[in-house]
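Participant: Let me begin by handing over the structure; questions about it come next.
The values are calculated or read from the model by the stated rules, or taken from the named source; none is laboratory data. Bear in mind the structure is a predicted one, so any value in this text is a computation, not a measurement. Cβ coordinates were reconstructed from backbone atoms using ideal geometry, including for glycine residues, and neighbour counts include every protein chain displayed.
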Amino acid sequence: MRDEPATPRRVALEALLRIEDGAYAHILVPQMLRRHRFSARDRALVTDLVYGTVRMQRTLDTLLAGVASRPIAELDPDVRAAVRLGAFQLLEGIPAHAAVGETVNVVDVRRRGFVNGVLRGLARAGPPWKLPPGDDMWSVGVRTSHPDWIVQVLYDAFGPEDARATLALDNEPPPVTVRVNRLRATPADVAAELAAAGVDVRPGTLVPDALVLRHTGDLAALTPLAEGRATPQDQTSQAIVAALDPQPGERILDLASAPGGKATAAAERMDAFGMVVAADLYPGRVRTVQRAARRLGLERTVLPLIADSQAPPVRAAQFDRVLLDAPCSGLGVLRRRPDARWRLRPQDVRDLAALQRVLLVAAARAVKPGGRLVYAVCTLTAEETSEIDAFAEVELPHLTALPIAAPWRARGRGAILLPHDAGTDGMYLLVLEADAVDSQP
């Protein structure tokens, strides 16, 4: 396969093999695309094929099981990836001669007969293809291609209607949203410049100054982004920084800060006057914060720090505002990270919730009297949201929760946003204010 010329399907097949071997799709696909001089159309095709095949894996395996002579799980990895890739194209309505023929052509010659037979059999079986029609959780899990335990979590937390809406949206490509760097431009100016370049620009539904983009092509080629006048960032992430409400001249601590989107957003809101300490555990991740600050001209305001956020090397009660965007299971961003639904296990949620408690206590120590602490996670599980709030209410009584306005939904003393509420990432937000007089234990 290495000696063959690169084509979108060949690159997609290689990506699927590497993802099954442990690579992260949202990191791997951009890396692979940078190595190939594909047209914008072919770049989009590679992305759609990889993300779509990974997202719809359970659905595809169910369909393939009806025509394959061997269990899908027992196929060799390259064969399994190829039949999934071809099946996804058929499911998307790509004509059989292209979906089957061009997929077979990128498979090793010794494998082509089996792959061709399976995909031809699937093409004869539909469309429409037979999938379980019921509204029970197993059928919904097959149709929306999620593990049963994730379906159960969402049904238990939000009920069938909201759960099904969230599961369905997980399989839609996420919007591209940017934050305008107000130190260098206005939203109106950036919107006009992007529109002149052929980009469809719309105002945000959650954050009015956010710009939601369609038909962007290569984001890196857009001048406002290349020159640091705008930064890709979902509206929920922008809303978190708005809730933090950093002011010029303040000291801000951003724990678990990489890749730096919220730290730099805070610095922009402070007019680059003050200090944002952006802590993260791994040097490589801290370098991403440094690069983000440099691109936006914020090197003097954003101070990257290699540190364990469970015990940050800062003095207690020294920060006006502390942001903890905690590591989490990410159930609110599954459409951005298509492979995460297959990596996660229920035990991961329990482990992450335990870590979040430790991080929250550490974050609380850093807040000065009268200061603000924002806890946020891009997930939807009770263990990582309302149960963390219940923990904080008991263990951190000097912190009082502040109200959060609609369209956020109340959840404990905090609030949650499901992806279909505003067309954004799913997110939980808890805004806490420290007593004016220091009463920490």
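Participant: In segment 223-243, which residue that is buried (at least 22 other Cβ atoms within 10 Å of the Cβ) and of a type outside the set (Ser, Thr, Tyr) is farthest from Ala185 (Cα to Cα)?
Facilitator: Filtering first and then ranking leaves Ile240.
Participant: List pairs: first in segment 184-209 and modelled with pLDDT under 95, second in a strand (DSSP E or B) and among the basic types (Lys, Arg), Cβ under 7 Å, 6+ apart or cross-chain?
Facilitator: Qualifying pairs under 7 Å: Asp200/Arg214.
Participant: Tell me whether segment 41-53 contains one or more residues that are surrounded by fewer than 14 Cβ atoms within 10 Å (Cβ to Cβ) and not in a helix (DSSP H, G or I).
Facilitator: no
Participant: Can you name every residue in segment 92-109 that is among the hydrophobic types (A, V, I, L, M, F, W, C), within 32 Å of the chain's Cα centre (by Cα), closer than 28 Å to Asp170 by Cα and surrounded by 14 or more Cβ atoms within 10 Å (Cβ to Cβ)?
Facilitator: Hits for segment 92-109 are Ile94, Ala99, Val100.
Participant: Mind checking which residues of segment 372-422 are surrounded by fewer than 18 Cβ atoms within 10 Å (Cβ to Cβ) and either at positive phi or among the β-branched types (Val, Ile, Thr) (or both)?
Facilitator: Correct list: Val394, Thr400.
Participant: Shifting gears a bit: Among the residues of segment 110-149, which ones are surrounded by 15 or more Cβ atoms within 10 Å (Cβ to Cβ) and of a type in the set (Ser, Thr, Tyr)?
Facilitator: Across segment 110-149, the qualifying residues are Thr144, Ser145.
Participant: Hey, can you tell me all the residues within segment 263-276 that are in a strand (DSSP E or B) and surrounded by 23 or more Cβ atoms within 10 Å (Cβ to Cβ)?
Facilitator: Selection gives Val276 alone.
Participant: Related question: What pairs can you find where one residue is in segment 64-80 and within 16 Å of Gly121 (Cβ to Cβ), the other is among the acidic types (Asp, Glu), and their Cβ atoms are less than 6 Å apart, with a gap of 6+ or different chains?
Facilitator: These pairs meet every condition: Ile72/Asp61.
Participant: Can you tell me which residue is nearest to Thr381 (Cα to Cα) among those in segment 177-213 that are within 24 Å of the chain's Cα centre (by Cα) and either surrounded by fewer than 18 Cβ atoms within 10 Å (Cβ to Cβ) or among the aromatic types (Phe, Trp, Tyr) (or both)?
Facilitator: In this case the residue turns out to be Thr205.
Participant: Given the structure, is Gln290 in a helix (DSSP H, G or I) and on the phi < 0 side of the Ramachandran plot?
Facilitator: Considered against the rule, which asks whether it is in a helix (DSSP H, G or I) and on the phi < 0 side of the Ramachandran plot, Gln290 comes out as yes.
Participant: Take Arg179 and decide whether it is assigned to a loop (DSSP other than H, G, I, E, B) and either of a type in the set (Asp, Glu) or in contact (Cβ under 8 Å) with a residue 40 or more places away in the chain (or both).
Facilitator: No: the conditions fail for Arg179.
Participant: If you don't mind, another one. Can you tell me how many residues in segment 125-167 are within 27 Å of Pro95 (Cα to Cα), in contact (Cβ under 8 Å) with a residue 40 or more places away in the chain and assigned to a helix (DSSP H, G or I)?
Facilitator: Residues flagged as within 27 Å of Pro95 (Cα to Cα), in contact (Cβ under 8 Å) with a residue 40 or more places away in the chain and assigned to a helix (DSSP H, G or I) within segment 125-167 amount to 5.
Participant: Which ones in segment 253-262 are surrounded by 18 or more Cβ atoms within 10 Å (Cβ to Cβ) and either farther than 14 Å from Tyr375 by Cα or assigned by TED's automatic domain parsing to the domain that holds Val180 (or both)?
Facilitator: Ala258, Gly260, Gly261
Participant: Quick test of your reading of the structure: Arg184 fulfils all but one of (1) of a type outside the set (Ser, Thr, Tyr); (2) farther than 23 Å from Ala82 by Cβ; (3) in a helix (DSSP H, G or I). Name the failing condition by number.
Facilitator: Of (1) of a type outside the set (Ser, Thr, Tyr); (2) farther than 23 Å from Ala82 by Cβ; (3) in a helix (DSSP H, G or I), only one is false for Arg184: (3).
Participant: Another one. Looking at segment 367-395 only, could you name the residues that are of a type in the set (Gly, Ala, Ser) and not in a strand (DSSP E or B)?
Facilitator: Listed by number, the residues that qualify are Ala382, Ser386, Ala390, Ala392.
Participant: In segment 333-341, is there at least one residue being surrounded by fewer than 16 Cβ atoms within 10 Å (Cβ to Cβ) and out of contact with any His (no Cβ under 9 Å at 6 or more places or on another chain)?
Facilitator: Checked segment 333-341: no residue is surrounded by fewer than 16 Cβ atoms within 10 Å (Cβ to Cβ) and out of contact with any His (no Cβ under 9 Å at 6 or more places or on another chain).
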